[in-house]
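Only one structure is covered here, and it is reproduced in the block below.
The values are calculated or read from the model by the stated rules, or taken from the named source; none is laboratory data. Given the structure is predicted, the values throughout are model-derived calculations rather than measurements. Don't worry about glycine lacking a Cβ; one is built from the backbone with ideal geometry, like all the others, and counts go over all protein chains shown. Quick note on the areas: whole protein, heavy atoms, side chains included, nothing else; ligands and nucleic acids left out. Shrake-Rupley method; radii C 1.70, N 1.55, O 1.52, S 1.80 Å.
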Amino acid sequence: MDPSVIQAIERWPNVPAVYGWLSLTVRGQWRLHPGGNATEATTGESISNPQILAFINRNYGHDELGRWFFQNGPQRVYVRLDGAPWIIFADDSQGKLTTHTGLTVKSVTKLWIDDLGHLYLQTEHGSGLLIDRDLPRFVQALKTTNGQPLEDWWEQAHETNTNVSGNIWRACANTLPIRRLNPSQPYDGQLGFISNPSAA
């Protein structure tokens, strides 16, 4: 976090947190909800100012309950997550993964796949959703340890767990466990975060 933000927290430690004003889309875009109604699944307004976006990115974090927030000076602004706390981008040319805030992902320890084929990664930063535009290339580079393409395993296998390898991105160089998310349970709970924090 910015030093000025840390100083503001120390100076005004009891400023109440707010909910419903900010969301993060599945494409890694921050959206403002001027009516404070983000918890009601509203679309919100795009934030385009580069300085504001950079400020949000630098001061983004989570609490011990798995609720993610933007620390706006002394005030904590909780975020509705439409996909995951991090949206992950795959850079083929450099063989690296980055988050929507520009952080490099150095280590992926586990993968999850949901019933729609979305892929989630456990990183050193927390749970991330691979952005849809990079998903086909990422999946094509993965095979199960018995040589089956990941896409075939997802479509045909009844097992909920297997291991995959062969990825060209450095953060995924090791053999990784992959698990099917249970469609009958909320995904955020299975992935260790709260997608729609509220004051209640």
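Among GLN71, GLN51, GLN122, which one shows the highest mean-square fluctuation when the chain is modelled as a Gaussian network with alpha-carbon springs under 10 Å?
Between GLN71, GLN51, GLN122, it is GLN51 that shows the largest mean-square fluctuation.
Hey, can you find the accessible area per residue of the stretch 61-126 for me, probe 1.4 Å, expressed in square angstrom?
39
So for the chain, taking the charge dipole from beta-carbon charges (+1 Lys/Arg, -1 Asp/Glu), which of ILE178, HIS100, ILE113 sits furthest toward the positive end?
Looking along the dipole axis, the top candidate is HIS100.
Could you calculate the FRET efficiency of ILE6 with GLN75 from 1/(1 + (r/R0)^6), where r is the beta carbon distance between them and R0 is 22 Å, rounded to 0.05?
Efficiency, rounded to the nearest 0.05: 0.95.
Report in % the part of the accessible area of the stretch 1-122 that belongs to carbon and sulfur, leaving out ligands and nucleic acids; probe 1.4 Å.
Of the solvent-accessible surface of the stretch 1-122, carbon and sulfur hold 51 percent.
Given VAL26, THR162, GLN7, which one lies farthest toward the positive end of the charge dipole of the chain, if we put +1 on the Cβ of every Lys and Arg and -1 on the Cβ of every Asp and Glu?
Checking the options against the dipole of the chain, the answer is GLN7.
Going through the stretch 60-91, which chymotrypsin sites (Phe, Trp or Tyr not before Pro) have at most 14 other Cβ atoms within 10 Å and a DSSP loop state?
Listed in order of number, the matching sites amount to none.
Just to check I understand the Karplus step: with θ = phi - 60° and J = 6.51 cos²θ - 1.76 cosθ + 1.60, what whole-Hz values come out for the stretch 48-56, glycine and proline as x?
My calculation for the stretch 48-56 gives 10, 5, x, 5, 5, 4, 5, 5, 4 Hz in order.
Search the structure for amide H atoms under 5 Å from the amide H of TRP21, placed 1.01 Å from N in the peptide plane, and list their residues when 5 or more places away or on another chain.
ALA38
Roughly how many Å is it from the Cα centre of the stretch 154-200 to that of the stretch 4-70, as a whole number?
25
Express as a percent, rounded to the nearest 5, the fraction of DSSP beta bridges in the chain (both residues included) that run antiparallel.
75
Measuring from label point to label point, each 7 Å out along Cα→Cβ, what is the SER198 to ASN14 span in nm?
2.7
Under the 0.36 nm per residue contour assumption, what length would be gained going from the current alpha-carbon distance of ALA54 and ASP92 to full extension?
Extending this stretch completely gives an extra 11.2 nm.
GluC sites (Glu not before Pro) within the stretch 100-188: which are DSSP loop residues with at most 11 other Cβ atoms inside 10 Å?
Answer in residue order: GLU159.
Assign unit charges at the C-beta atoms only (+1 for Lys and Arg, -1 for Asp and Glu), then state the dipole size of the chain relative to its Cα centre in Debye, rounded to the nearest 20.
It works out to roughly 400 debye.
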